[in-house]
Every structure is written in structure tokens, then in C-alpha cells.
Amino acid sequence: MNDYLHLLGLPFMQRALIAALFTGLAAPVVGTYLVQRRLSLMGDGVGHVAVTGVALGLLTGISPVWTAVLVSVLGAILIEVIRERGHANGDVALALLFYGGLAGGVLITGLAGQSGARLQTYLFGSITTMSVTDVLVTMALAGVVVLLGLGLAPQLFAVAQDQEFARVAGLNIRVYNVLVAVLAAVSVSVAMRTVGLLLVSALMVVPVATAQQLTRSFRGTLVAAMVLGTVAAVGGLLISAAAPDGTTVAPGPAIVLLALACFTVSWPVGIWLRSRQRLHRPFPVVSAGAHQVVEEGEHPHEHGADCGHVAVPHGDHVDYVHDGHRHAPHGRHYDEH
């Protein structure tokens with residue numbers, strides 16, 4: 001225990017905890033809007049494109065974080081344009097963009113004279129090797145994502161939920177759709193040192209899916225997803241640090257697996273909560289329809305055991321059943337026809 005506490009007190013571990021905290025807060029904010037728009041895999045696609053940005057940074061000597069932000073933003077805007085136009089070959093174009101981004105990144109990394117191990121730190125994360133500058137950049141970018149995601153929540157929710165209604169309300173649909181794409185790109189760049197470009201989509205989507213099992217409102221889902229994302233990011237890092245001697249547990253996969261474990265636990269709880277809600281309101285309340293009063297001798301129907309009419313109580317009158325139909329003793333029949 002003393003060794004574990006000593007490890008948490010080391011500067012590199014403290015930097016990693018701060019980066020995990022801000023990443024866990026920011027990623028689910030954008031993921032909430034992506035899930036609402038059924039674009040859960042967009043983060044994964046932007047992550048593939050960002051590989052080229054990282055490789056360009058290694059080639060030019062510029063910080064890979066900033067080149068990844070630039071390339072992923074351009075890629076996200078291009079993805080949104082392809083999606084908005086809705087061509088029949090749109091999915092093929094997106095696939096080519098994703099595969100091209102990943103392959104181009106690997107190729108450029110080789111041209112830069114860098115080894116695959118250097119690129120792997122961005123593909124699967126390397127949170128414990130972050131410098132003070134990396135942490136400050138992560139905090140700044142995550143703060144921008146959280147501020148815009150929460151500050152523009154009503155507008156972004158309206159666009160994600162019902163674009164026709166948002167258009168009628170006077171919102172510029174294209175601007176907000178591009179904004180969500182740009183925020184997704186920035187979130188990918190923020191999380192690439194924490195969980196890696198290939199796993200960043202999980203941190204954006206899984207906490208949101210978990211929150212949806214436990215909440216019934218958009219605002220509640222957004223807040224719960226941020227809490228769950230933070231728990232997964234910080235908890236996964238602490239689990240990796242607590243690995244026994246001789247065992248290596250990578251923080252990135254540990255964070256994602258912890259987020260998936262939270263979803264696995266919440267799923268049956270969500271089923272139970274929804275079943276209880278249905279029991280409280282099993283059927284809608286329907287008011288009784290008006291009944292027609294027909295004088296004796298004028299009844300248009302002969303009643304029998306198989307007539308199928310539903311017996312209806314008539315106030316304070318005491319009815320009796322005869323030949324499969326309920327009759328009133330005062331000489332009048334009450335039917336729904």
C-alpha cells in the first residue's frame with residue numbers, strides 16, 4: 001500500500017491523473033450529441049484520420065497534438081459534408097477516408113524515420129509519459145469542448161433531436177452540425193494520449209450508453225455520462241497503477257474495459273427500471289364512451305350467449321345476466337350501439 005501511495009505521489013502520475021480527469025469529462029460531452037444523432041462511430045473515423053495528423057507532426061517536428069487537431073478537424077468537416085449530401089456512395093467515401101487516414105499515417109511515420117513504437121503511443125495511448133506542456137494543452141482543449149458542449153446544449157440538442165424543428169426555430173443546422181464534428185475532432189486529439197486514437201471512440205460512446213440505461217432525460221444523460229467518463233478514465237488509470245510487479249497493464253485498455261464493465265452492470269438495472277415504469281402506467285387512461293338507450297320492443301338486436309357484448313355497469317341500477325347479456329330490470333337495454 002505504501003508503494004502504491006508513493007507511486008501516486010510521483011509527478012508523472014499526478015500529470016496522468018489530471019489528464020485522465022479532463023479527458024473523462026470532455027469526451028462524453030461530444031459523445032452525447034453523436035449518440036443522439038446516431039453517429040456513434042464518427043469518433044472512430046476521426047481517430048483514423050488523426051493518425052495522418054500525428055505522422056505529419058513527427059515528420060515536420062511540430063507538436064503531434066496540434067497537427068492532429070488540424071487534420072482531424074479538416075477530416076471531420078469533410079465527413080460532415082459527405083454525410084449531409086447523402087449520396088448513395090457516401091458510406092464508401094467515408095470508408096476510403098478512414099482507411100486512407102490510417103494507412104497514410106503509417107506511411108508518413110516511416111518516411112519521418114520514426115519507429116512503429118513511437119506511433120503506437122498515439123494509437124493506444126501513453127498517458128504516463130505526458131509532459132507538463134501536454135497536460136496544459138489537454139486541459140485547454142478539454143475546457144473548450146466542455147464549455148461549448150454545455151453552453152450550447154439547448155441548440156445542439158434541438159439540432160440532434162429534430163433538425164426540421166430546429167430549422168423552423170431559426171437555427172442554422174449546418175453550422176451546428178459542423179460544430180459538433182469539430183468538437184468531436186478536438187475530443188479525439190485530447191484523448192489520443194489517454195486511451196489512444198483507436199480506442200477514443202469507446203470513451204466518447206460507452207459512458208453515454210451507460211447513462212442512458214439509468215436516466216430518462218437528455219440533461220440527466222449528459223451529466224451522468226460526464227461522471228461515468230471521469231470514473232472510467234481515472235479508475236482505469238488507478239487500476240493499471242495497482243497492477244502487481246511483473247505485470248504490465250496499459251492504462252488505455254484498462255480505461256475502456258472499465259467503461260464497458262460499467263455498462264454491463266447498468267444494463268440489467270436499466271431493464272428493471274423500465275419494467276417498473278411500465279408497471280406504474282401499464283395502460284393509458286381512456287374515458288368511457290356514451291351508451292345509447294333503446295326502449296323495450298325497439299331493440300335492434302337479439303341477444304344470445306355468443307353476442308359478444310361487454311357488460312357495462314349502469315350507475316345505481318342492479319343488472320342481471322340472461323342469455324349471455326346483461327339486462328336492466330327496469331325494462332331498458334343499455335348497449336354500446
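The values are calculated or read from the model by the stated rules, or taken from the named source; none is laboratory data. These numbers come from a predicted model, not from an experiment. Positions of Cβ are backbone-derived with ideal geometry, glycine not excepted, and every protein chain shown enters the neighbour counts. Quick note on the areas: whole protein, heavy atoms, side chains included, nothing else; ligands and nucleic acids left out. Shrake-Rupley method; radii C 1.70, N 1.55, O 1.52, S 1.80 Å.
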Looking at segment 30-46 only, could you name the residues that are in a helix (DSSP H, G or I) and touching a Leu at 6+ places or on another chain (Cβ under 7 Å)? VAL30, THR32, TYR33, MET42, GLY43, GLY45
Does SER189 meet the test of being more than 13 Å from PHE22 (Cα to Cα) and in a helix (DSSP H, G or I)? no
Being within 20 Å of GLN120 (Cα to Cα) and of a type in the set (A, V, I, L, M, F, W, C) is the filter; apply it to segment 247-266 and report the residue that is surrounded by the most Cβ atoms within 10 Å (Cβ to Cβ). ILE255
Meets criteria (surrounded by 24 or more Cβ atoms within 10 Å (Cβ to Cβ) and free of Cβ contacts under 8 Å to residues at least 60 places away in the same chain) for ALA202: yes
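Inside segment 207-228, can you point out the residues that are farther than 15 Å from LEU260 by Cβ, open to solvent by less than 20 Å² (accessible area, probe 1.4 Å) and hydroxyl-bearing (Ser, Thr, Tyr)?
Applying the first criterion (farther than 15 Å from LEU260 by Cβ) to segment 207-228 yields 214-224, 226-227.
This time we only want the ones that are open to solvent by less than 20 Å² (accessible area, probe 1.4 Å), so: 221-222.
The answer is THR221, and nothing else.
Could you identify the single residue in ARG15, ARG37 that is in the same structural domain as VAL144 (by TED's automatic domain parsing), modelled with pLDDT under 90 and of a type in the set (Lys, Arg)? Can you show your working first?
Numbers: ARG15 fails: modelled with pLDDT under 90.
Exactly one of ARG15, ARG37 is in the same structural domain as VAL144 (by TED's automatic domain parsing), modelled with pLDDT under 90 and of a type in the set (Lys, Arg), namely ARG37.
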Note on segment 1-29: residues open to solvent by 50 Å² or more (accessible area, probe 1.4 Å), of a type in the set (A, V, I, L, M) and in a helix (DSSP H, G or I) are LEU5, ILE18, LEU21, LEU25
Residues in segment 40-73 that are open to solvent by 80 Å² or more (accessible area, probe 1.4 Å) and either within 23 Å of GLY113 (Cβ to Cβ) or at pLDDT 90 or above (or both): how many? 5
Can you give me the number of residues within segment 229-246 that are open to solvent by less than 60 Å² (accessible area, probe 1.4 Å), over 12 Å from ALA202 (Cβ atoms) and not in a loop (DSSP other than H, G, I, E, B)? 7
Members of segment 74-96 found to be in contact with a helix residue (DSSP H, G or I) (Cβ under 8 Å, 6 or more places away or on another chain) and modelled with pLDDT under 80, listed by number: ILE82, ARG83, GLU84, HIS87, GLY90, ALA93, LEU94
